[in-house]
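The values are calculated or read from the model by the stated rules, or taken from the named source; none is laboratory data. Since this is a predicted model, take the numbers as computed values, not measurements. Neighbour counts are summed over all protein chains in view; Cβ atoms, including those assigned to glycine, are modelled from backbone coordinates with ideal geometry.
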């Protein structure tokens, strides 16, 4: 290597290192609205940490004996399961938990979807879209709290990076996987160590496991069991870090959905009847969503698919089962497709061999889609077991604990969970 080439390589290496450091700093950058403070009437209220472990199926804690979560459940409240809205996927259900609304009502109708009116696509992986408030209906719990002069903090939650109704949380991070769980715990402890005027009373804490591992290895795999036990340990570490502060902190541990193993040998290929010159497939997998570019073509394709109907059910948007709350009359933002193809579990739509673990199926027909609810702390009754309930009812529970007032129409009902509080 000559001297010039060596110098150039050295400079490039230094620049790469510096750019990496800048990127890491940006990914860890905390957003703070320094002008806000808790109103005096809010400063003596309880605290809530809302925790989500993505893909933590309803039976994981008992089946795999996650000792800490089982112990917390005995000191608080455990539900038979938490029932997600349809489709049972990540973004719609995280947002349902914090708005009290079904996915079709708050607007996030899937992880990815097409909005015909604007021609735009929303996708959970498109950060520019995720951070635009126009996609999000309802009033997230942190927006409601901030409107009433109660500070909030978000260690990742769907919608928390967007300005919704002109408001973002007082403290929040842009989503990244580069902050370790231990560092996230330290950040939460630091938030709760702030003076009363600056201390958040509502904190959301998102963990991406065991979902990631469950997709790769399946819900029964040793790797997935190890991942959920790490989640269990993280929750214990969180409570131990917060305990010395002596604050009345309530913990609500939830998940967005469960996980199931699918038939990898017999995937359902995209039907040949769907001519992509006339139709747009907005999403696939555990539900195929089809939009017709010319609405006159909807019935033509629908009739062809109904005849074929091989391994899946075909619905027009106004034919979907009522209990799914996913039909034309529920579609508040007009984002549900024209034709919906629902594969018969355990099969999925895929033109190649699919991965092992999936979610998104009807959570009533496929119980593996159901999630976890465990709550403990000074506001909750002890050693109480309750029946399964829909995740939309968590929102009014949060408002009751924090004594927040809401006037907006939601799907959740206060009476469903009011009995679990002291």
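A few comments on the model shown:
- Every listed requirement among (1) under 25 Å from residue 249 (Cα atoms); (2) without any contact (Cβ under 8 Å) to a residue 40 or more places away in the chain; (3) not in a helix (DSSP H, G or I) is met by residue 143 save one, (3).
- Filtering the stretch 149-160 to residues that are crowded, with 21+ Cβ neighbours inside 10 Å and either under 13 Å from residue 206 (Cα atoms) or touching a residue at least 60 places away in the same chain (Cβ under 8 Å) (or both) leaves 150, 151, 153, 154, 155, 156, 157, 158, 159, 160.
- For residue 223: the one exception among (1) surrounded by fewer than 24 Cβ atoms within 10 Å (Cβ to Cβ); (2) under 23 Å from residue 62 (Cβ atoms); (3) in contact (Cβ under 8 Å) with a residue 12 or more places away in the chain: (3)
- Meets criteria (touching a helix residue (DSSP H, G or I) at 6+ places or on another chain (Cβ under 7 Å), farther than 28 Å from residue 240 by Cα, outside any loop (DSSP other than H, G, I, E, B) and at pLDDT 95 or above) for residue 392: yes
- The listed residue being farther than 20 Å from residue 206 by Cβ and not in a loop (DSSP other than H, G, I, E, B), out of 91, 113: 113
- Condition check for residue 351: surrounded by fewer than 16 Cβ atoms within 10 Å (Cβ to Cβ) and more than 27 Å from residue 242 (Cα to Cα): yes
- The stretch 272-285 residues that are at negative phi, paired with ones that are assigned to a loop (DSSP other than H, G, I, E, B) (beta carbon under 6 Å, 6 or more apart): 278/293; 282/337; 283/110
- Filtered residue count, the stretch 122-132, keeping only those that are without any contact (Cβ under 8 Å) to a residue 40 or more places away in the chain, loosely packed, with under 15 Cβ neighbours inside 10 Å and in a helix (DSSP H, G or I): 1
- Residues satisfying the stated conditions in the stretch 283-329, i.e. buried (at least 19 other Cβ atoms within 10 Å of the Cβ), within 23 Å of the chain's Cα centre (by Cα) and in a helix (DSSP H, G or I): 324
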